[in-house]
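In what follows, a single structure is set out as structure tokens and then discussed.
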Amino acid sequence: ALVDEAAPAAEHDQASGEVAKEGSGQAKAGDGKEGDVVSGTAKKEKAVKKPKPTAQQILTQAFILTFLAEWGDRSQIATIVLGASQDPFGVTLGACIGHSFCTGMAVVGGRLLASRISERQVSMGGGVLFILFAAITVYLGPPSH
């Protein structure tokens with residue numbers, strides 16, 4: 001049986017060229033361009049930009065986040081009590097306006113704060129405050145009525 005010694009070399013060259021092309025989409029084996037596997041140049045990673053969320057996605061996310069965060073908190077309990085003893089339409093309207101005002105201040109404040117400190121610093125500060133409030137609650141005990 002005859003063995004073609006040129007075939008393995010040709011296959012290697014073809015495979016090297018294909019790998020190099022995959023690296024940058026344009027590079028060829030040995031041409032020295034970015035992503036060239038044969039010449040050993042490093043392939044630079046390009047940052048992939050996420051698509052900007054649509055208004056509907058932002059609205060949905062804000063609604064779900066606010067709904068779940070507010071469900072069962074003290075302001076909702078207070079609104080239930082107020083709604084039981086007062087005009088439900090007035091309580092609903094007042095609660096919506098009050099919550100909208102409070103949320104609007106949080107959004108504007110968050111935007112201003114984000115321009116001065118990082119999101120990580122905000123998270124760390126919030127975590128420290130929660131731990132501090134927990135320690136104070138443990139130390140003082142539950143409120144007695």
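Some points to look at:
- Residue-level analysis places Gly104 among those that are surrounded by fewer than 11 Cβ atoms within 10 Å (Cβ to Cβ), modelled with pLDDT under 95 and under 18 Å from Phe63 (Cα atoms).
- Residues in the stretch 83-142 that are small (Gly, Ala, Ser) and under 22 Å from the mean Cα position of the chain (by Cα): Gly104, Ala106, Gly109, Gly110, Ala114, Ser115, Ser118, Ser123, Gly125, Gly126, Gly127.
- The single condition among (1) surrounded by 10 or more Cβ atoms within 10 Å (Cβ to Cβ); (2) modelled with pLDDT of 90 or more that Tyr139 does not satisfy is (1).
- Residue check, Ala134 touching a residue at least 12 places away in the same chain (Cβ under 8 Å), open to solvent by less than 80 Å² (accessible area, probe 1.4 Å) and either among the aliphatic types (A, V, I, L, M) or more than 25 Å from Ala62 (Cβ to Cβ) (or both): no
- Of all the residues in the stretch 68-91, those that are under 18 Å from Thr103 (Cα atoms) and either open to solvent by 100 Å² or more (accessible area, probe 1.4 Å) or in contact (Cβ under 8 Å) with a residue 24 or more places away in the chain (or both) number 5.
The values are calculated or read from the model by the stated rules, or taken from the named source; none is laboratory data. Note that the structure is a prediction, hence the values are computed from the model and not measured. Neighbour counts run over all protein chains shown; Cβ positions are idealised from the backbone, glycine included. In case anyone asks, the SASA skips ligands and DNA or RNA and just uses the protein heavy atoms, side chains included. Shrake-Rupley method; radii C 1.70, N 1.55, O 1.52, S 1.80 Å.
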